[in-house]
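The values are calculated or read from the model by the stated rules, or taken from the named source; none is laboratory data. Bear in mind the structure is a predicted one, so any value in this text is a computation, not a measurement. Heads up, the Cβs are rebuilt from the backbone with ideal geometry, glycines too, and the neighbour counts pull from every protein chain shown. Heads up: the accessible areas ignore ligands, DNA and RNA and are worked out on the full protein's heavy atoms, side chains in. Shrake-Rupley method; radii C 1.70, N 1.55, O 1.52, S 1.80 Å.
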Amino acid sequence: MDLPRPELALVPRPQRLSTRSGRFRLDETTRLRVTPGAGPAAALLRSLLAPATGLPLPASADGAFVLALDPALTGLGEEGYGLTVSPQGVLLRAARPAGLLHGVQTVRQLLPYDALSGEPVRGVPWDLPAVEITDVPRHPWRGSMLDVARHFQPVSYLRRYVDLMALHKLNVFHLHLTDDQGWRMPVAAYPRLTEVGGVRTESMAGPAGTDRFDGVPHGGAYTRAELRDLVVYAAERGVRVLPETGVPGHVRAALAAHPELGTDPGRRLDVWTHWGVCENVLGTDDHVLDFFRTVLDEVMDVFPSPYVHLGGDECPTVEWERSAAARARAAAEGLPGPRALHPWFIARMSEHVVRAGRRPVVWAENGVTLPLECTVMSWREPAHAHAAARRGHEVVHADHRATYFDYPRGPGTGEPPGQPGGFVDLRAVYDVDLAPPEPGDASRVLGAQGQLWTEFVPTPEHVEYLTYPRLCALAERVWDGAYGWRDFTARLAGHRARLDALGVPHAAAPARVPAPHPTDLTPPTLPHRREPCGKDSG
């Protein structure tokens, strides 16, 4: 199949691109001229191109390939870059280091598709087409979330996940570290969180014929050193890691490790072996608040991200309504009833994060008004995002109908298991609603991100099959997205060759992905993970 020239298949498409005549060849004689502050970008360029090309690209004061950091280029903002390629040389420049890192990814995409291979490629001229590019992202939040609580992934795979994000100029890696089915975040003050909460036993969820839990023991946790190294690795690629340790619901794994945190301290629970929404929630006594303030302190010590995700979604209140202590707490706080403990708990954790100089991020929920300092991640309805922006919140779009990649990719019978109830195809992702409710609210719409919950996703191959090419469409929309669906799909035809070179199973489900199960696949109309505790996810 004839593929478009690489410069005509860039994803995301640059804001402004003009093609010129001629080419610049990278070979053994190519030298880099690296201005002060551009060293990290030069190092990234070498590391990305070396596996396929074998080129050393050493530094030289008279190098024809120039990487320049120039703070006077204020029009390029924090992440923009300018790139000029002519037969005589290459000039990549930016005002800030992140812009140079994004420009390196464009250089990588301008080369022949085989340049992305992880193995040496022989006989290919490594030519860059002559182009003039000025590129500035439209949105500052361009994210991808991976749930490692339901199915643990080793940190070596997280680095690959970051590499694929960086190729697409995504800059926020949202790492979902805790849930009912597993706790992966190390907390030195409370080692049982990972020792007990990080392991679930063999069990099946639901009656015969409807089981969807994989039926084998599963466990895993990261070390502080691994996560700190991941933060550095991601930063070297222009990506920040956003940690999520959710409260006050989705905490069954924490309750298995520390029963004293629950509404019934004498009860003993296991790490949950069902999917769905568990009714077990945190208690509301002061020792519970203090416990999770300590957790947040350790999270913020490991992750320097200016944002910290507190979870906050899908919090059943039935246990608070049954608990005399919770009812008393609600009365003491002047709340109308136990249901109001949900936003009250989030507000207490938000205060702690703000005192530490960070910004809390919370999933939007029906009927839950959040403190204005919270950045709102809207997943149920775009209307939640619009309402939050009107109230003065920063907003990140995460609509399940457009950004939840655990839904199957389409209605085909060959699709592997996914969230029941619908599908999210490539066009749905591309059409994600990023419009502000009013023009004056545009600055509050930070961007959007894709979500991959991993109830049905045990392997890296399955992660990538569900993520790509859908994440390509989201990357296109949050970077600029001004050129339309037909233009994007024409470029995607060539970009798929890059995914092939990287070994990403984007076209057909790989052999290690589970076999399909029958389901009614229609566009999703119900939010994710809504079934109550003890029932199968729906």
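Results, tabulated for the structure shown:
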| read-out | value |
| --- | --- |
| For segment 327-370: rounded, prolate or oblate by the Cα gyration tensor [a/c cutoff 1.5] | oblate |
| Theoretical gain in end-to-end length, Arg192 to Val216 [0.36 nm per residue, Cα-Cα removed] | 6.5 nm |
| Area of Arg380 that stays accessible when all protein chains are in place (1.4 Å probe, Å², to 10) | 20 Å² |
| Distance (nanometres) between label positions extended 7 Å along Cα→Cβ at Arg355 and Asp301 | 1.7 nm |
| Per-pair calculated FRET efficiency, R0 = 25 Å: Val318 and Thr201 via Cβ, rounded to 0.05 | 0.50 |
| Net length gained if the chain between Arg228 and Glu279 were fully extended (0.36 nm per residue, minus Cα distance) | 15.1 nm |
| Lys, Arg +1 and Asp, Glu -1 on Cβ, resulting dipole of the chain about Cα centre, debye, nearest 20 | 1100 debye |
| Dipole of the chain, positive end: most advanced residue of Ala41, Val231, Ser60 [Cβ charges, Cα centre] | Ser60 |
| Cα long-axis angle, helix 382-391 against the chain (0 to 90 degrees, to the nearest 10) | 90 degrees |
| Listed residue (Phe405, Pro125, Cys472) projecting farthest to the positive dipole end of the chain, Cβ model | Pro125 |
| Linear extension gain, Asp433 paired with Thr489, 0.36 nm per residue minus alpha-carbon span | 18.3 nm |
| Computed FRET value (nearest 0.05) for Ser47 with Ser443, which takes r as the C-beta separation and R₀ as 45 Å | 0.80 |
| For peptides 250-258, 437-445, sequence by mean Cβ density within 10 Å, most packed first | 250-258, 437-445 |
| Alpha-carbon Rg/Rh ratio, for the chain, with Rh computed the Kirkwood way | 0.99 |
| Accessible solvent surface per residue of the chain, calculated while the other protein chains remain in place, 1.4 angstrom probe, Å² | 36 Å² |
| Between segment 306-379 and segment 78-92, the Cα center-to-center distance that results, in Å | 47 Å |
| Kirkwood hydrodynamic radius over Cα pairs of segment 251-359, then Stokes diffusion coefficient at 25 °C and 0.890 mPa s, in µm²/s | 167 µm²/s |
| Helix-only [θ]222 nm of the chain, DSSP H runs n ≥ 4, -39500 (n - 2.57) each, per residue, nearest 500 | -9000 deg cm²/dmol |
| Prolate/oblate/rounded label for segment 319-397 (Cα gyration tensor, a/c 1.5) | oblate |
| In degrees, nearest ten, helix 485-501 long axis to first principal axis of the chain (Cα) | 90 degrees |
| Spatial extent of segment 400-476: Rg and Dmax, with the Cα atoms as the point set, Å | 13.8, 45 |
| Segment 95-248 shape via C-alpha gyration tensor axes, a/c threshold 1.5 | prolate |
| Counting DSSP beta bridges with both ends in the chain, the antiparallel % (nearest 5) | 35 percent |
| Inter-site label distance for Arg160 and Leu8 at 7 Å from Cα along Cβ, in nm | 3.3 nm |
| Unit charges on C-beta of K, R, D, E only; dipole of segment 412-523, Debye | 320 debye |
